[in-house]
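**Q** Would you mind keeping the following structure in view while I ask a few things?
The values are calculated or read from the model by the stated rules, or taken from the named source; none is laboratory data. None of the values given here were measured: they were computed from a predicted structure. Every residue, glycine as well, gets a Cβ built from its backbone with ideal geometry; the counts of neighbours run over all protein chains shown.
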Amino acid sequence: MSHRILSLIEEISSIENPADFAGKKRLVIEELKKIKSEHDNLHFKYERSSKEKSIFSSLLIKTSDDLKKVSNNLKVRAEELSTLLTTIPAYVYFKDTHLNYMLVNQPFAELAGIPAAQITGKRIQEVFPGYKNDEYINKEASVIETGNALYDIEEEIEHNDRKRWVYSNLAPIRNAANEIIGLIGISWDITDRKLHEEELRQSKELAEAGTQAKNEFIASISHEFRTPMNGILGLSEILKNTSLATDQMDLLKGIISSAENLLVLLNDVLDFSAIEAGKMEMDYQPFMLDRVMEDISLVMKMKAAEKSLGFDIFIDKNVSNLIIGDSQRLRQILINLTNNAVKFTDHGKIEVHVKQIDHTQNKATLRFEVVDSGIGIPPEALDSLFRVFSRVKQNKSKLIAGTGLGLSICKKLTDLMGGGIGVESTPGKGSMFWFSLPFTLSNLHKQRTIVAQPEETTNFLKKFVLVAEDNAINQRIVSFHLQKMGFGVDVVSDGKEALEKYLAGKYDLIILDIQMPVMDGYQAAKAIREAEKGTFRHVPIIALTANAMKGDRELYLAAGMDEYVSKPFTYEILQQAINGLLG
Amino acid sequence: MILKTFSTDTVKGFIQTWNDHTSDGFHPNAAVIFASVAVDLHEMVSFLQTIDIKVFGCSSCGEFLFDDQKQSITEGGLVCVMLNLIPGSFDIKLINGRGQSSFDLGNKIGQWACEAFEKPAILVLASGLETDGEQLVGGIQHLAGKDITMFGGLAGDDARFKETFVFSETTLENNGAIAMVFNTKQYDIEGMATSGWVSIGADKIITHSEGNVVYTIDGEPALDVYKDYLNVRDTDLPEIGVEFPLLIKKPGSQDVLRAVTNVDIEKKLLIFAGTVPNGAVVTFSSSPGFEIIEYTRKKVREFYEKNQETDALILFSCMARHNALGPSISEEIDEVWQNWAKPLIGFFTYGEIGSNYNAACDFHNETFTMVSLKQKPDVA
């Protein structure tokens, strides 16, 4: 620029004739304008540079401070990470995209038995000679390829002649540009856990086997108990029908009552055991509700009468009668609650109410209420009433007889059937136990008959029954009951004799004990049905059994029997079964 | 398209030139005016009210006009393009921004534009100190869609940072926006935006912000951080903050620049031209030097290659470019004139709105944003 100004000065100085100056003036001014513009621009750039220099210097210094801070932070982080890697009770390793180790932590190096620095750059087979788990290596490759982490990988490895179970998680590592540059693997030795799991599994199997053995034991002793119980109760019944002095009759009633209590205890323990083992299965069949209620009425009216109590059943008119459910379990709950009611009531009456509280096209929920005028239950006892072994103390010294299992079983049964159970009570005035159960409605709608009185005893005069029973006491009891009903009775001691008698004679009913020498009840029933083939005959057969476990009924029916009666049985129970077949 | 352009320094000069330009029977129906706050804008609008014209205008931070008469960049004056557009092919609307958010303001513009034409293109100007440009753009796109063609700028006030205006032929408004909508069946509206600013320094975190107001950066008062890092005084802001905007890192998409447009010295907070999200990772940024002129010229040539035909060009150039490049700013503007040799008017802004090809419109700072108006040949 100074060169151009100098040459301009030179040019102007060289003008000698003023007339020439006028001609050059325009050019000189143009050139001077250009020089000024360029000067201004340069001046701006200089000023700008000075300003920027100040700002950039400041930014540079501050940025340098920032970077120092970042660098220090990184150092701290690196140390933290290093400490973490060393102290974490896990095997941690980093691999590059070719699955070569880049870095491992101390526990990993100790597991491998090679210094950490020597592991860098090696492949897994070089670190763990003989490693053959291609599946695991494929998983690592998949993490590199897809960028998706993999969790919960378990594998069994063998290293230095020792087998270990290892649990691993794998995740990709990315650089700042978000490209995958390797993976991190974190593994834990779960050998102890695996051993523990195995022990637990074995323990569980043992426990299950124990439970199975317990169930079998209970089934077996229940059979063993029932036979003598049958004897005691049956003979007592017979004895009751002979002429006895008043004090003798009182003693006998004590024997019968004790035996019945023992029987209830036995049944409760059996049911409870089945429920606890998860083996209680419901048997849903169509049944007539009024028939069940009749049975309850029949049994409980007598019991109530013994304590001079009234007993009535009221069924609302809209209650569905032909329903599908487990009638045996319904019966059991009702018997339990009504028995309790009788037990805890000394004056007044027991009432059973049946109501339909919900109804859809094919379902109905029924509510059963057992109302007594007994001693009632203190409010503090209500909550625990349905728990196992809960028994209400009447006073400090006296407990009402019972196992404490009855209500607990009722609750479990209503639960299993999808219903509910509860109680309302006022001490001194009485209690109302209720339970509700859902039932499926059967397609066949039949008229319900109101239960009021037990049916008249059917007279079976001139009908003959063949009884096969090996136990002499039971022979006597069955014969006694049947003769009382009016039957003519033939008794034999095993199935073979029964079959022979059947083939030779003509009977209206056959009662077969199940466990008998020579030929048992099943075989006898099958043989009889075999003999009936091609004829129009079908003699009803009742199984008489001490085997009261679930599933037995199907076996009897499969063998061709029509009904079964569980020992020990009362006159009424036997009569009901016979009425159902011949009545 | 018939049009005439002129520049002047005063309202008197404006009236004189306007009358001269229409004395030959030229009847413009629209005008685009960019004027310094040094010009008496009230008086100018009073004159505009007396003539039958629709006006799209705002205050500036320096203006420029390049045509076959002159190629000048001025401060304290005004530039005007008088247009004779196809009747019914455009409309102009000014909306007062008081009592509503920038987003709501934008939303109203978007709704109006969509009601005006099936396929509208929008030019928009907004008061530079009151408007969050990002929210304004978001509001317009809310109804008009992300792919709406839209260009514009935020009004300036000669770097006084006190009061910025938009105006129509009837109204002068210091808080609001004015939009000009074109029917794209009759006009081609294409444009470009380029910056060249670069990130400098370490990452910082916005630790407290609300919308476009930043309270703290890395836990320190925002104003202190700016003063500290740039080694400047209170009074150097916000102007120096326009030149050294924050670059907001947006992982997975383009980083954006946000310039300071206002400060609150007592509360030590900074107000930016667009939203600065809470928790955002930012750096300072700066023009790398005079080489960005060459970068801009290259971008202009690339745009010219694809859009050689035009009737007129409007340029929204950030005032920070002018500050950073000084007289050399004329080199990048002159590149436009050299390529098209068609009338170009524009102003130095407090923020720009626009996009490149195939990109959604966005709000920017520090850019050279240009739009080309071209009447389609078969729709006269």
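**Q** Among the candidates A:Glu306, A:Glu294, single out the residue that is outside the structural domain of A:Thr570 (by TED's automatic domain parsing), modelled with pLDDT of 85 or more and surrounded by fewer than 15 Cβ atoms within 10 Å (Cβ to Cβ).
**A** After ruling out the rest, the residue left standing is A:Glu306.
**Q** Same structure again: Residue check: is A:Ser236 within 22 Å of A:Met302 (Cα to Cα), hydroxyl-bearing (Ser, Thr, Tyr) and outside any helix (DSSP H, G or I)?
**A** Numbers: within 22 Å of A:Met302 (Cα to Cα): yes; hydroxyl-bearing (Ser, Thr, Tyr): yes; outside any helix (DSSP H, G or I): no.
Judged against the criteria, A:Ser236 is not a match.
**Q** Could you check A:Ile144 against (1) touching a Gly at 6+ places or on another chain (Cβ under 8 Å); (2) within 20 Å of A:Asn105 (Cα to Cα) and say which number it fails?
**A** Checking A:Ile144 against (1) touching a Gly at 6+ places or on another chain (Cβ under 8 Å); (2) within 20 Å of A:Asn105 (Cα to Cα), the one that fails is (2).
**Q** Within region A:339-365, how many residues turn out to be among the polar types (S, T, N, Q) and within 19 Å of A:Ile421 (Cα to Cα)? Before the answer, list the steps.
**A** Residues of region A:339-365 that are among the polar types (S, T, N, Q), as a first pass: A:339-340, A:345, A:356, A:360-362, A:365.
Retained after the next criterion (residues that are within 19 Å of A:Ile421 (Cα to Cα)): A:339-340, A:356, A:365.
Qualifying residue count for the region: 4.
**Q** Okay, next question. Name the pairs whose Cβ atoms lie under 9 Å apart, with the first residue in region A:178-191 and over 13 Å from A:Thr97 (Cβ atoms), the second aliphatic (A, V, I, L, M) and part of a loop (DSSP other than H, G, I, E, B), and 6 or more positions between them or separate chains?
**A** So the pair list comes out as A:Ile186/A:Ile88; A:Ile186/A:Ala90; A:Ser187/A:Ala90; A:Trp188/A:Ala90; A:Asp189/A:Ala90.
Condition check ((1) more than 14 Å from every other protein chain (Cβ to nearest Cβ); (2) more than 58 Å from the chain's Cα centre (by Cα); (3) under 30 Å from B:Leu237 (Cβ atoms)) across all residues:
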site: A:Glu10; (1), (2), (3): yes, yes, no
site: A:Pro18; (1), (2), (3): yes, yes, no
site: A:Val28; (1), (2), (3): yes, yes, no
site: A:Leu32; (1), (2), (3): yes, yes, no
site: A:Phe44; (1), (2), (3): no, yes, yes
site: A:Phe56; (1), (2), (3): no, yes, yes
site: A:Leu81; (1), (2), (3): yes, no, no
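Residue-by-condition table, conditions (1) surrounded by 10 or more Cβ atoms within 10 Å (Cβ to Cβ); (2) under 22 Å from B:Ser328 (Cα atoms); (3) without any contact (Cβ under 8 Å) to a residue 24 or more places away in the chain:
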| residue | (1), (2), (3) |
| --- | --- |
| A:Arg4 | yes, yes, no |
| A:Glu11 | yes, no, yes |
| A:Ile15 | yes, no, yes |
| A:Pro18 | no, no, yes |
| A:Phe21 | yes, no, yes |
| A:Lys25 | yes, no, yes |
| A:Lys34 | yes, yes, yes |
| A:Ser37 | yes, yes, yes |
| A:Asp40 | yes, yes, yes |
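**Q** Would you mind telling me which numbered condition in (1) under 45 Å from the mean Cα position of the chain (by Cα); (2) at pLDDT 85 or above; (3) hydroxyl-bearing (Ser, Thr, Tyr) A:Thr449 fails?
**A** Status for A:Thr449: all satisfied but (2).
**Q** Got a number for residues in region B:155-188 being assigned to a loop (DSSP other than H, G, I, E, B), farther than 20 Å from B:Ile314 by Cα and of a type in the set (A, V, I, L, M, F, W, C)?
**A** Here the count works out to 2.
**Q** Oh, and also: Say we look at region B:191-205 and pick out the residues that are under 26 Å from the mean Cα position of the chain (by Cα) and buried (at least 18 other Cβ atoms within 10 Å of the Cβ); which of these is farthest from the other protein chains (Cβ to nearest Cβ)? Let's see the steps before the verdict.
**A** Keep residues of region B:191-205 that are under 26 Å from the mean Cα position of the chain (by Cα), which gives B:191-200.
Next cut, buried (at least 18 other Cβ atoms within 10 Å of the Cβ) only: B:191-197, B:200.
Values: B:Gly191: 29, B:Met192: 26, B:Ala193: 24, B:Thr194: 21, B:Ser195: 18, B:Gly196: 15, B:Trp197: 13, B:Ile200: 6 Å.
The residue in question is B:Gly191.
**Q** For region B:329-346, give me each residue that is out of contact with any helix residue (DSSP H, G or I) (no Cβ under 9 Å at 6 or more places or on another chain) and in a strand (DSSP E or B).
**A** B:Ile345
**Q** Looking at A:Leu103, is it under 30 Å from A:Val127 (Cβ atoms) and within 14 Å of chain B (Cβ to nearest Cβ)?
**A** no
**Q** Counting just the residues of region B:302-323 that are charged (D, E, K, R) and not in a helix (DSSP H, G or I), which one comes out surrounded by the fewest Cβ atoms within 10 Å (Cβ to Cβ)?
**A** B:Glu309
**Q** How about region A:260-284: which of its residues are more than 15 Å from A:Asn339 (Cβ to Cβ) and either of a type outside the set (D, E, K, R) or crowded, with 17+ Cβ neighbours inside 10 Å (or both)? I'd like the intermediate steps shown before the answer.
**A** Pass one, region A:260-284, residues more than 15 Å from A:Asn339 (Cβ to Cβ): A:269-270, A:272-284.
Correct list: A:Val269, A:Leu270, A:Phe272, A:Ser273, A:Ala274, A:Ile275, A:Ala277, A:Gly278, A:Met280, A:Met282, A:Tyr284.
**Q** Does region A:119-129 contain at least one residue that is without any contact (Cβ under 8 Å) to a residue 12 or more places away in the chain and surrounded by 15 or more Cβ atoms within 10 Å (Cβ to Cβ)? Write out each step before concluding.
**A** To start, the set of residues in region A:119-129 that are without any contact (Cβ under 8 Å) to a residue 12 or more places away in the chain comprises A:125-126, A:129.
Of the ones still in play, those that are also surrounded by 15 or more Cβ atoms within 10 Å (Cβ to Cβ) are A:126.
Within region A:119-129, one or more residues are without any contact (Cβ under 8 Å) to a residue 12 or more places away in the chain and surrounded by 15 or more Cβ atoms within 10 Å (Cβ to Cβ).
**Q** Given the options A:Lys51, A:Lys68, name the one that is closer than 30 Å to A:Ile173 by Cβ, within 11 Å of chain B (Cβ to nearest Cβ) and either of a type outside the set (Val, Ile, Thr) or surrounded by fewer than 11 Cβ atoms within 10 Å (Cβ to Cβ) (or both).
**A** Details: A:Lys51 fails: closer than 30 Å to A:Ile173 by Cβ.
One residue alone meets the criteria, A:Lys68.
**Q** Could you tell me which of the residues A:Glu154, A:Glu158 is closer than 21 Å to A:Ile114 by Cβ and in the same structural domain as A:Asn100 (by TED's automatic domain parsing)? I'd like the intermediate steps shown before the answer.
**A** On the way: A:Glu154 fails: closer than 21 Å to A:Ile114 by Cβ.
Selected residue: A:Glu158, the only one of A:Glu154, A:Glu158 that is closer than 21 Å to A:Ile114 by Cβ and in the same structural domain as A:Asn100 (by TED's automatic domain parsing).
**Q** Here are some residues: B:Gly152, B:Gly145, B:Gly139. Which one is away from chain A (no Cβ under 14 Å), touching a strand residue (DSSP E or B) at 6+ places or on another chain (Cβ under 7 Å) and either more than 29 Å from B:Lys298 (Cα to Cα) or crowded, with 22+ Cβ neighbours inside 10 Å (or both)?
**A** Numbers: B:Gly145 fails: touching a strand residue (DSSP E or B) at 6+ places or on another chain (Cβ under 7 Å); B:Gly139 fails: touching a strand residue (DSSP E or B) at 6+ places or on another chain (Cβ under 7 Å).
Every option except B:Gly152 fails the conditions.
**Q** Looking at this structure, is B:Gly274 more than 14 Å from chain A (Cβ to nearest Cβ) and touching a strand residue (DSSP E or B) at 6+ places or on another chain (Cβ under 6 Å)? Let's see the steps before the verdict.
**A** Numbers: more than 14 Å from chain A (Cβ to nearest Cβ): yes; touching a strand residue (DSSP E or B) at 6+ places or on another chain (Cβ under 6 Å): yes.
Criteria met by B:Gly274.
**Q** Could you check region A:142-176 and list, in sequence order, the residues that are at positive phi and not charged (D, E, K, R)? Step through it out loud before you land on a result.
**A** Residues of region A:142-176 that are at positive phi, as a first pass: A:147, A:152, A:160-161.
Passing the criteria: A:Gly147, A:Asn160.
**Q** Here is a check on your reading of the model: is B:Asp104 assigned to a helix (DSSP H, G or I) and acidic (Asp, Glu)? Let's see the steps before the verdict.
**A** On the way: assigned to a helix (DSSP H, G or I): yes; acidic (Asp, Glu): yes.
Judged against the criteria, B:Asp104 is a match.
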